[in-house]
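**Q** I am attaching a structure below and will ask some questions about it afterwards.
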Amino acid sequence: MKNCSLFGIVLNFKHAGFMGVIDFFNTSSICTIKSQISLCFLASDRPSCPFQRNHRRFTCMASTVPLKNAEEESQQRLTGDSFIRPHLRELSPYQPILPFEVLSTRLGRKPEDIIKLDANENPYGPPPEVFEVLGAMKFPYVYPDPQSRRLRAALAEDSGLESEYILAGCGADELIDLIMRCVLDPGDKIVDCPPTFTMYEFDAAVNGAIVIKVPRKSDFSLDVKLITEVVEQERPKCIFLTSPNNPDGSIINDEVLLKILDLPLLVVLDEAYIEFSGVKSRMGWVKKHENLIVLRTFSKRAGLAGLRVGYGAFPLSIIEYLWRAKQPYNVSVAAELSACAALKNPVYLEKVKVALVEERERLFKLLKEVPYLKPYPSYSNFILCEVTSGMDAKKLKEDLAKMGVMIRHYNNKELKGYVRVSVGKPEHTDALMSSLNCLS
């Protein structure tokens with residue numbers, strides 16, 4: 001016999017069928033070596049967990065395969081993707097819009113020579129105060145406030161909703177994923193109403209949820225009757241809605257929203273483009289509707305898409321759990337400073353909004369004059385167009401790109417034959433129309 005140190009195990013079960021904790025600790029035991037092939041371990045006299053009453057004898061059989069061969073065989077069998085969750089191996093990656101530096105390289109043009117109308121960004125950028133606070137930032141080496149207190153206080157003043165109902169995130173995209181992680185178990189169902197923002201379907205796939213698609217009507221309005229039937233039959237946990245909807249710019253009126261709120265599911269209303277609609281935000285509704293979440297962003301309104309800062313309004317009964325599950329430092333120091341600075345200049349924000357809405361109306365009229373385009377009225381900072389008269393939508397996008405004008409083209413079946421044009425400055429509209437006229 002010889003003394004050796006073994007590992008003991010303690011299992012702590014908080015609730016039957018729920019979470020278990022396995023603790024490993026060192027304990028001195030007697031090790032008897034019977035042969036080169038088998039080892040017999042005698043457990044400690046003292047029970048290592050409350051439900052252990054008798055001594056346990058553990059027998060470990062050593063492999064008869066030479067160590068070198070076993071290692072080689074293990075290395076051949078083991079591949080990195082074997083650790084990945086099975087449903088993620090089949091996941092198609094999200095297709096983001098290319099940034100300026102990549103476009104510049106591909107097109108052989110300087111960034112300032114590219115007319116970027118493909119991502120609904122705010123071409124006017126943020127208020128001047130944002131550049132001032134970024135230049136004067138004192139503590140970039142210190143972790144940000146995990147509760148984003150300054151930003152939430154500023155948002156409370158801006159929206160009229162108390163800060164305890166507000167949670168900030170690294171863009172509204174982070175909050176979409178956070179909601180799903182808190183609400184959905186693998187195999188749970190959500191309702192999606194295409195064509196709409198594809199991030200809902202993507203995040204649902206990442207979280208192992210099942211997406212039930214309820215297509216919009218030909219005018220892009222919601223099919224409330226079909227949504228109601230799906231909720232009754234499939235029992236989904238939540239529905240994601242966008243108003244104004246991306247990519248067509250339609251809005252959801254109060255009557256329709258209230259009908260959906262009467263259904264037994266969580267309603268997540270994405271208001272990323274609400275500022276351009278002339279419709280009041282429903283953030284305040286979360287105080288009277290326990291099944292409503294409203295999401296907002298600084299990307300469009302304040303020109304902060306590159307700094308990634310969004311926020312949401314949540315019922316108190318829901319926000320408690322999101323606070324528990326969110327990453328602690330999700331909003332960076334730069335993002336919080338910039339968002340607070342932007343809110344300090346509401347005059348600038350209003351001026352930019354008015355300029356974009358006016359340019360949207362001008363752009364819509366000009367697009368109607370293009371013989372192969374059918375634009376749809378929009379309440380947002382973009383316009384969806386059906387490509388007609390035998391013109392190919394994908395080729396149209398590619399031909400414009402060669403001229404340095406970027407627009408959005410879609411590959412999904414709901415939008416085959418459509419393009420979306422973001423509203424830019426007047427000079428951007430002029431450049432777009434000049435290019436379109438060259439293709440007529």
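The values are calculated or read from the model by the stated rules, or taken from the named source; none is laboratory data. Bear in mind the structure is a predicted one, so any value in this text is a computation, not a measurement. Note: ideal-geometry Cβ built from the backbone for every residue, glycine included; neighbour counts use all protein chains shown. To get the accessible areas, we keep the full protein, side chains included, count just its heavy atoms, and leave off ligands, DNA and RNA. Shrake-Rupley method; radii C 1.70, N 1.55, O 1.52, S 1.80 Å.
**Q** Using 7 Å Cα-to-Cβ label points, what is the ALA355/LYS288 separation (nm, one decimal)?
**A** It works out to 3.8 nm between the two label points.
**Q** Ratio of alpha-carbon Rg to the 2.2 N^0.38 Å globular estimate for segment 244-393, to two decimals, please.
**A** Relative to the 2.2 N^0.38 Å estimate, segment 244-393 comes out at 1.23.
**Q** Which of the trypsin sites (Lys or Arg not before Pro) found in segment 238-304 are in a DSSP loop and have at most 14 neighbouring Cβ atoms, other than their own, within 10 Å?
**A** LYS280, LYS288
**Q** Hand me the chymotrypsin sites (Phe, Trp or Tyr not before Pro) from segment 116-223 located in a DSSP loop with no more than 14 other Cβ atoms within 10 Å, in residue order please.
**A** TYR141
**Q** Further question: Take segment 203-275, drop everything but the C-alpha atoms, weight them equally and run the Debye formula without solvent; then report log10 I(q)/I(0) at 0.12, 0.25, 0.26, 0.28 Å⁻¹ to two decimals.
**A** Reported log10 I(q)/I(0), two decimals: -0.33, -1.37, -1.43, -1.52.
**Q** Pop the C-beta distance of GLU398 and LYS110 into the FRET formula with R0 = 22 Å and round what comes out to the nearest 0.05. It would help to have the intermediate numbers written out before the result.
**A** On the way: r = 20 Å, r/R0 = 0.92.
That gives a FRET efficiency of 0.60.
**Q** For every other residue with a beta carbon closer than 14 angstrom to the beta carbon of GLU112, add +1 if it is Lys or Arg and -1 if Asp or Glu, then tell me the sum.
**A** Result for the neighbourhood of GLU112: +1.
**Q** Segment 172-241: percent of C-alpha pairs farther apart than 13 Å?
**A** 61
**Q** Also, quick follow-up: Over segment 128-345, what is the relative contact order in whole percent, taking alpha-carbon pairs under 8 Å and six or more residues apart?
**A** Values: 376 pairs, mean separation 64.2, N = 218.
That works out to 29 percent.
**Q** Here's a follow-up. Multiply the residue separation of MET433 and ILE210 by 0.36 nm, subtract the distance between their alpha-carbon atoms, and state the gained length in nm to one decimal.
**A** 76.1 nm
**Q** Something else about it: Cα atoms only: what Rg and Dmax, in Å, come out for segment 128-345?
**A** Computed over the Cα atoms of segment 128-345, radius of gyration and Dmax are 17.3, 56 Å.
**Q** A further question on this structure: So what are the three principal axis dimensions of segment 333-440 from its Cα atoms, in whole Å, longest to shortest?
**A** 49, 27, 25
**Q** OK, next. Work out the FRET efficiency for SER389 and CYS182 from their Cβ-Cβ distance, taking R0 = 35 Å, and round it to the nearest 0.05.
**A** Efficiency at R0 = 35 Å is approximately 0.15.
**Q** Report the semi-axes of the equivalent ellipsoid for segment 236-325 in whole Å, largest first, where each axis is √(5λ) for an eigenvalue λ of the Cα gyration tensor. Mind showing how you got there, number by number?
**A** Working: eigenvalues 88, 65, 24 Å².
Working from the Cα gyration tensor, I get semi-axes of 21, 18, 11 Å.
**Q** Ok, one more. Place a +1 charge on the Cβ of each Lys and Arg in segment 128-345 and a -1 charge on the Cβ of each Asp and Glu, then give the dipole magnitude about the Cα centre in debye, rounded to the nearest 20.
**A** Result for segment 128-345 is approximately 320 debye, rounded to the nearest 20.
**Q** Strictly over 30 Å apart at the Cα level, which of LYS213/LYS351; LYS217/LYS326; LYS189/LYS368; LYS287/LYS374; LYS288/LYS351; LYS138/LYS300 would you flag in this model? The partial results should precede the final answer.
**A** Values: LYS213/LYS351 38 Å; LYS217/LYS326 36 Å; LYS189/LYS368 40 Å; LYS287/LYS374 41 Å; LYS288/LYS351 33 Å; LYS138/LYS300 27 Å.
Distance filter (> 30 Å) returns LYS213/LYS351; LYS217/LYS326; LYS189/LYS368; LYS287/LYS374; LYS288/LYS351.
**Q** Using 0.36 nm per residue, how much length does the chain from PHE131 to SER440 gain when fully extended, once their Cα-Cα distance is taken away?
**A** Fully extending the segment from PHE131 to SER440 adds 107.0 nm.
**Q** Sort HIS289, HIS87 by accessible area with a 1.4 Å probe, largest first.
**A** Numbers: HIS289 40, HIS87 65 Å².
My answer, sorted largest first, is HIS87, HIS289.
**Q** Let me ask you something else. Can you pull out the trypsin sites (Lys or Arg not before Pro) in segment 365-440 whose DSSP state is coil and whose Cβ has at most 15 other Cβ atoms within 10 Å?
**A** The qualifying sites are LYS416.
**Q** What is the dipole size for segment 71-217, taken about its Cα centre, with +1 at each Lys and Arg Cβ and -1 at each Asp and Glu Cβ, in debye to the nearest 20? Write down the numbers at each step before the final one.
**A** Working: 16 positive and 25 negative charges, 76 e Å.
Dipole size: approximately 360 debye.
**Q** Pop a pseudo-label 7 angstrom from the Cα along the beta-carbon direction at both LYS237 and TYR321 and give the gap in nm to one decimal.
**A** 0.8
**Q** Follow-up question, since we're still on this one. Determine ³J(HN,Hα), in whole Hz, for all residues of segment 187-193 in sequence, where each value follows from phi through the Karplus function 6.51 cos²θ - 1.76 cosθ + 1.60 and θ = phi - 60°; x replaces Gly and Pro.
**A** x, 5, 10, 10, 9, 10, 10
**Q** In addition: Rounded to the nearest whole Å², what accessible area per residue is found for segment 128-345 with the 1.4 Å probe?
**A** 42
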